[in-house]
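Working notes for the structure below.
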Amino acid sequence: MQARLPHTINACTLLLTRSRPPYAPGMVIRSDLDGMTDAEARHILVGLPRAGDYEVVVKPLRYRSSPHLAARCEFEERRIVLQVPVPFHRFKEPVLYAARRKRGHGIRFAWASESVSFRLRREVLRFLYCHEWMHWYLHEELGKKSAAETACDRFALRNFRRPRVSIADADAALRRRVRV
């Protein structure tokens, strides 16, 4: 006896969702960074979830005094732009992953942060992509406001060095838990 699909899911939709690979190899990735080809950028992002039909662009970030993190998710253009510091040197960046409201008058917060060392361009690209992918996930998939910076940082912080990242990891980052 053959199982029947619910009437809300037709066979064509099921076929389309199964044919789309869940990880980065099928994404359109373009590198405008000297010394990094499109294929190298694609290889760096393997194992990370896809951002739908968004294009991922890797660009140089020219800084004045010290390297830092910079990226953006352009919803109207359906594009994620990742900027890698040029020239690249090892650097540390504080990442704010949680906030707790302080008692008293006004809106004040106690921030939880971690200092992250970025030794390779690969680490910078993976961190930035994870962060911007979470903005995409909140906006496009969940229909929420995408300005949840601490949730995006929490997701990126937990996952950018892992070989495989899934949507379940994103859902876990949305549930704030106290670190021990």
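The values are calculated or read from the model by the stated rules, or taken from the named source; none is laboratory data. These numbers were taken from a predicted model, which means no experiment stands behind them. Quick reminder, even Gly has a Cβ in these numbers, built from the backbone with ideal geometry, and neighbours come from all protein chains shown.
Any idea which of GLU140, GLU149, GLU132, GLU74 is out of contact with any Phe, Trp or Tyr (no Cβ under 6 Å at 6 or more places or on another chain), within 20 Å of HIS43 (Cβ to Cβ) and not basic (Lys, Arg)?
Values: GLU140 fails: within 20 Å of HIS43 (Cβ to Cβ); GLU149 fails: within 20 Å of HIS43 (Cβ to Cβ); GLU74 fails: within 20 Å of HIS43 (Cβ to Cβ).
Within the list GLU140, GLU149, GLU132, GLU74, the selection yields GLU132.
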Quick test of your reading of the structure: TRP111 fulfils all but one of (1) assigned to a strand (DSSP E or B); (2) surrounded by 14 or more Cβ atoms within 10 Å (Cβ to Cβ). Name the failing condition by number. (2)
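To keep it simple, each residue is scored yes or no on (1) of a type in the set (S, T, N, Q); (2) in contact with a Cys (Cβ under 7 Å, 6 or more places away or on another chain); (3) buried (at least 17 other Cβ atoms within 10 Å of the Cβ); (4) touching a residue at least 24 places away in the same chain (Cβ under 8 Å).
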site	(1), (2), (3), (4)
ASP34	no, no, no, yes
LYS59	no, no, no, yes
ARG64	no, no, no, no
PHE88	no, no, yes, yes
Is it the case that CYS152 is surrounded by 21 or more Cβ atoms within 10 Å (Cβ to Cβ), of a type in the set (A, V, I, L, M, F, W, C), under 29 Å from HIS89 (Cα atoms) and free of Cβ contacts under 8 Å to residues at least 40 places away in the same chain? yes
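For the condition in a strand (DSSP E or B) and among the basic types (Lys, Arg), what is the one hit in ARG122, ARG100, ARG126?
Numbers: ARG122 fails: in a strand (DSSP E or B); ARG126 fails: in a strand (DSSP E or B).
Among ARG122, ARG100, ARG126, only ARG100 is in a strand (DSSP E or B) and among the basic types (Lys, Arg).
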Cβ pairs under 6 Å, 6+ apart or interchain, first in the range 116-132 and of a type in the set (Lys, Arg), second part of a helix (DSSP H, G or I), ordered by first then second residue, are ARG122/ILE44
Which residue pairs have Cβ atoms under 8 Å apart, sit 6 or more places apart or on different chains, and have a first residue in the range 157-176 that is within 20 Å of SER113 (Cβ to Cβ) and a second that is part of a loop (DSSP other than H, G, I, E, B) and among the β-branched types (Val, Ile, Thr)? ASN159/VAL165
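From ARG103, ARG72, grab the single residue that is farther than 18 Å from LEU33 by Cα, out of contact with any Pro (no Cβ under 9 Å at 6 or more places or on another chain) and among the basic types (Lys, Arg). Quick ask: steps written out before the conclusion?
Values: ARG72 fails: farther than 18 Å from LEU33 by Cα.
Only one candidate qualifies: ARG103.
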Consider ALA147 carefully, then state whether it is small (Gly, Ala, Ser) and touching a residue at least 24 places away in the same chain (Cβ under 8 Å). no
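Could you check the range 116-143 and list, in sequence order, the residues that are within 14 Å of the chain's Cα centre (by Cα) and among the aromatic types (Phe, Trp, Tyr)? Quick ask: steps written out before the conclusion?
Quick first cut of the range 116-143, residues within 14 Å of the chain's Cα centre (by Cα) only: 122-141.
Matches in the range 116-143: PHE127, TYR129, TRP133, TRP136, TYR137.
Filter the range 124-171 for residues that are hydroxyl-bearing (Ser, Thr, Tyr) and touching a helix residue (DSSP H, G or I) at 6+ places or on another chain (Cβ under 7 Å); which is modelled with the highest pLDDT? Full working, then the answer.
Within the range 124-171, the subset hydroxyl-bearing (Ser, Thr, Tyr) is 129, 137, 146, 150, 166.
Still in the list and also touching a helix residue (DSSP H, G or I) at 6+ places or on another chain (Cβ under 7 Å): 137, 146.
Numbers: TYR137: 94, SER146: 73.
The residue in question is TYR137.
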